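Asks: Quick one: structure below, then a few questions.
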Amino acid sequence: RAGCLHGAWIDTALDIFDYAGPLGQDAVASAMLSRRPGKHPAETILIGPEDTDCFSACELQVQGELPELHRARAYSGIVIEGVGEIVLAQETIPLRPGDTFFVPASSQHDGYRSETGLRIIASFPPLP
């Protein structure tokens, strides 16, 4: 499924990462990170610019609809818990635990949706 997925350039085929680490609560518990509130109530900063200038990471908790919080920034994500979907203009991309994806800065997706709850770890390259 690499390439122009659903016309949005969101790639869910990040097999190069070969993630075999923990999922769900185990993933969060194994990452002894300082958790700080983000700019949105659904966002928790895990690694910020005050921690390293190499990258940043946050946890997104989706319950219902969550608009895209990082428009114009590229990032990769992994679903650590729950099920949901990436919402595009005309369709959706399903997400489940262990799924990885890449969102380019030019993505036009609307955000995320989950009826039962979805937790995503998003990792961002450094800002220029």
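The values are calculated or read from the model by the stated rules, or taken from the named source; none is laboratory data. Please read all numbers here as calculations on a predicted model, not as lab measurements. A quick note on method: Cβ atoms are made from the backbone with ideal geometry, for glycine too, and the neighbour counts reach across all protein chains shown. Side chains are part of the model used for accessible areas, which takes the heavy atoms of the whole protein and leaves out ligands, DNA and RNA. Shrake-Rupley method; radii C 1.70, N 1.55, O 1.52, S 1.80 Å.
Asks: Looking only at region 73-103, count every residue that is surrounded by fewer than 16 Cβ atoms within 10 Å (Cβ to Cβ), among the charged types (D, E, K, R) and modelled with pLDDT under 90 and tell me the total.
Replies: 1
Asks: While we're looking at this one, here's another question. Find the residue count for region 106-118, including only residues that are open to solvent by less than 50 Å² (accessible area, probe 1.4 Å) and closer than 15 Å to Tyr75 by Cβ.
Replies: Of the residues in that region, 4 qualify.
Asks: So which residues in region 48-69 are touching a residue at least 24 places away in the same chain (Cβ under 8 Å), within 14 Å of Pro125 (Cα to Cα) and surrounded by fewer than 19 Cβ atoms within 10 Å (Cβ to Cβ)?
Replies: Those that are touching a residue at least 24 places away in the same chain (Cβ under 8 Å), within 14 Å of Pro125 (Cα to Cα) and surrounded by fewer than 19 Cβ atoms within 10 Å (Cβ to Cβ): Pro49, Asp53, Cys54, Phe55.
Asks: Starting from region 104-128, take each residue that is at pLDDT 95 or above and list its partners that are surrounded by 13 or more Cβ atoms within 10 Å (Cβ to Cβ) and assigned to a loop (DSSP other than H, G, I, E, B), counting only C-beta distances under 7 angstrom and pairs at least six apart or across chains.
Replies: Taking only residues 6 or more apart or on different chains, the pairs are Ser114/Val83; Thr116/Val83; Leu118/Val83.
Asks: Of the residues that make up region 22-31, is at least one modelled with pLDDT of 85 or more, out of contact with any Lys or Arg (no Cβ under 6 Å at 6 or more places or on another chain) and not hydroxyl-bearing (Ser, Thr, Tyr)?
Replies: Taking region 22-31 and keeping what is modelled with pLDDT of 85 or more, we get none.
So far as region 22-31 goes, no, none of its residues is modelled with pLDDT of 85 or more, out of contact with any Lys or Arg (no Cβ under 6 Å at 6 or more places or on another chain) and not hydroxyl-bearing (Ser, Thr, Tyr).
Asks: Of (1) farther than 28 Å from Ser34 by Cβ; (2) part of a strand (DSSP E or B); (3) of a type in the set (A, V, I, L, M, F, W, C), Ile80 satisfies all except one. Which?
Replies: So Ile80 meets the others, but not (1).
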